[in-house]
Amino acid sequence: MKISKHQKTHISFSQDEYERLKNDAVRYRKSIPDIIKAVYFRRELAPPLMDPVDTRKVMAELNRVGNNVNQIARQVNSGVREGFHPLVEDVRNDIGALRRLIMGTDGDCKN
């Protein structure tokens, strides 16, 4: 299917995202669509790390681990345990990073 140059799409942005785009448009003397196209088409997308079936399995396991970490964090934050909070936060952040990597949403994934 040949796509004409006049294909359009609409994107919603948060207020902060839109302000950043507007400021960059002025700064670089480019239109917002030109900035978005330049960033998107200038880089290669990272290929998926695994097939969809394996992705679902790994994500299910990560969700189970994440649920356990959240339960631990609730106990730590309630004062049941003392001194583990920074480590629990590190684990939560690492699980989030793994999820983003597996789902292919880890930003600019140049290899």
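Observations on the structure shown:
- Accessible surface of R43 - all protein chains present, 1.4 Å probe, nearest 10 Å²: 60
- When the surface is traced with a 1.4 Å probe over the full set of protein chains, I11 keeps roughly 100 Å² accessible.
The values are calculated or read from the model by the stated rules, or taken from the named source; none is laboratory data. Here the structure is a predicted model, which is why all the values come from computation and not from measurement. Accessible surface areas use protein heavy atoms only, side chains included; no ligands, DNA or RNA. Shrake-Rupley method; radii C 1.70, N 1.55, O 1.52, S 1.80 Å.
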